[in-house]
1. How many residues are farther than 30 Å from residue 260 by Cβ and touching a residue at least 60 places away in the same chain (Cβ under 8 Å) when one looks only at segment 48-77?
2. Kindly indicate whether residue 45 is in contact (Cβ under 8 Å) with a residue 12 or more places away in the chain, surrounded by fewer than 18 Cβ atoms within 10 Å (Cβ to Cβ) and not assigned by TED's automatic domain parsing to the domain that holds residue 195.
3. Give the residues of segment 247-274 that are outside any strand (DSSP E or B) and in contact (Cβ under 8 Å) with a residue 24 or more places away in the chain, sorted by residue number.
4. Residue 9 versus (1) more than 20 Å from residue 73 (Cα to Cα); (2) surrounded by 15 or more Cβ atoms within 10 Å (Cβ to Cβ): which is the lone unmet condition?
5. From the set of residues in segment 170-193 that are modelled with pLDDT under 90 and in a loop (DSSP other than H, G, I, E, B), which is farthest from residue 231 (Cα to Cα)?
6. Pick out the one residue from 250, 256 that is surrounded by 14 or more Cβ atoms within 10 Å (Cβ to Cβ), assigned by TED's automatic domain parsing to the domain that holds residue 101, in contact with a helix residue (DSSP H, G or I) (Cβ under 9 Å, 6 or more places away or on another chain) and closer than 29 Å to residue 137 by Cβ.
7. Of all residues being over 19 Å from residue 221 (Cα atoms) and touching a strand residue (DSSP E or B) at 6+ places or on another chain (Cβ under 6 Å) in segment 95-111, which is modelled with the lowest pLDDT? Just the residue, please.
8. Report yes if some residue within segment 34-50 is outside any helix (DSSP H, G or I) and within 30 Å of residue 280 (Cβ to Cβ); otherwise report no.
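The values are calculated or read from the model by the stated rules, or taken from the named source; none is laboratory data. Bear in mind the structure is a predicted one, so any value in this text is a computation, not a measurement. Quick reminder, even Gly has a Cβ in these numbers, built from the backbone with ideal geometry, and neighbours come from all protein chains shown.
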């Protein structure tokens, strides 16, 4: 069962804020009145009695202590920057399993937490951006892919593993090879819009390739992983041959933010590996 952390955070802030408000309006004045009444009855007030009369209820004390911290976390996470960890290799070699990344939450507009309603327009996703979004088939899951198609674009992916946008082949340049799941994988430098990045293709991979043509609807984005033969993405949209992988283009209201930096990497922590900072840097 997935945990809706943003909802839990909002509830925690609301509860702590409510306790702080109740104390400010009701409980604190009562404590001050009790202290004044006690001091008026005795000539030499006992410090222990004064301490007891001024003591906040434990629940209120915790609520007031946690409220500013949780409120700051809520603002940062909802409107500025949110951390994520990469769980799969679909974005290799740009992002590796275990990378911890930072996501700009206001790059594509300011959205209210939990309901994700956009309240302030800022900018739209651009071709080549690495974007975090809610999985179209299960919005409780966050995915990360690269923006390939913008609204109105005609996307084609051939059986020869070539990407075309509006009839024009996307520029790519061979840069090397590395080990793949079936033989060797070939690395290319690809250019999408103003962004140059590395993609990975396994030319010997024996799986049915999701080739085809698609037109991106208004208000949607066509997403692909940089690890082209190991990425469940928009190429599987309405693919009747692979119904279990029914995917979809990403609607605007599913956007979470733009991934912009790797701040730590921790692959396979269960094996005893320690976190490292060798991959720290901006995401292209």
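1. 0
2. Spelling it out, it is not the case that residue 45 is in contact (Cβ under 8 Å) with a residue 12 or more places away in the chain, surrounded by fewer than 18 Cβ atoms within 10 Å (Cβ to Cβ) and not assigned by TED's automatic domain parsing to the domain that holds residue 195.
3. Hits for segment 247-274 are 247, 248, 249, 252, 253, 254, 266, 267, 268, 269.
4. (1)
5. Checking each candidate, the answer is 193.
6. Every option except 250 fails the conditions.
7. Residue satisfying both the conditions and the ranking: 98.
8. Taking segment 34-50 first, the residues outside any helix (DSSP H, G or I) are 42-46.
Filter once more, keeping what is within 30 Å of residue 280 (Cβ to Cβ): none.
No - not one qualifying residue is present in segment 34-50.
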